[in-house]
Every structure is written in C-alpha cells, then in structure tokens.
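The structure appears below as structure tokens.
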Amino acid sequence: MRRPRRSAGARAAQSLRPGSGVAYVAAKSYYFGVGGGTAAFRALVQAEGALRVRTAAVLDDGASVKREILELAFA
C-alpha cells in the first residue's frame, strides 16, 4: 500500500529544527504551460499553517522568467 504524498511544505517542516531551522526554496515565479509557481507554493505552505514564508530575493533580469528565493521557517 502506498503512503499518501506529503507536500513540499510538510516535508520541509519535518526536516527543520524547531525554533531555529530555515529552508530556502528557489523557483520560477510562474511555470508556463503547467501553471503553478511561487505564489501557488506560498499559498499551499501558508494553508498548512506550520511554516511562515518570506520572499528572501527576487531575480528578474528582464530577459527570462522571474525567479524568487523563498525562506521557510516555523511560524
């Protein structure tokens, strides 16, 4: 029997040291053709409620898709 898949936010929360652990996620702001991106990931993590999400950096050279680095830590 297969175990249910956990979200990336749930896996990060399990891996972080309570109180001081931080994870960084680098991703495109939007994935063309498949949808999703940093806004969808942020909404999922915030809905789960265990972690807070902060935008640590935005990389936008104007020539390619904007990318973001998100910081995840316990709320």
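The values are calculated or read from the model by the stated rules, or taken from the named source; none is laboratory data. This one's a predicted model, so the numbers in the text were calculated from it and none came from an experiment. Here Cβ is always computed from backbone atoms with ideal geometry, including for glycine, and neighbour counts include all displayed protein chains.
Some points to look at:
- Residue identified as of a type in the set (A, V, I, L, M) and exposed (fewer than 15 other Cβ atoms within 10 Å of the Cβ) among Ala23, Ala73, Ala13, Ala47: Ala47
- Of the residues making up the range 13-49, those that are at pLDDT below 90, in contact with a Gly (Cβ under 7 Å, 6 or more places away or on another chain) and either assigned to a loop (DSSP other than H, G, I, E, B) or aromatic (Phe, Trp, Tyr) (or both) number 2.
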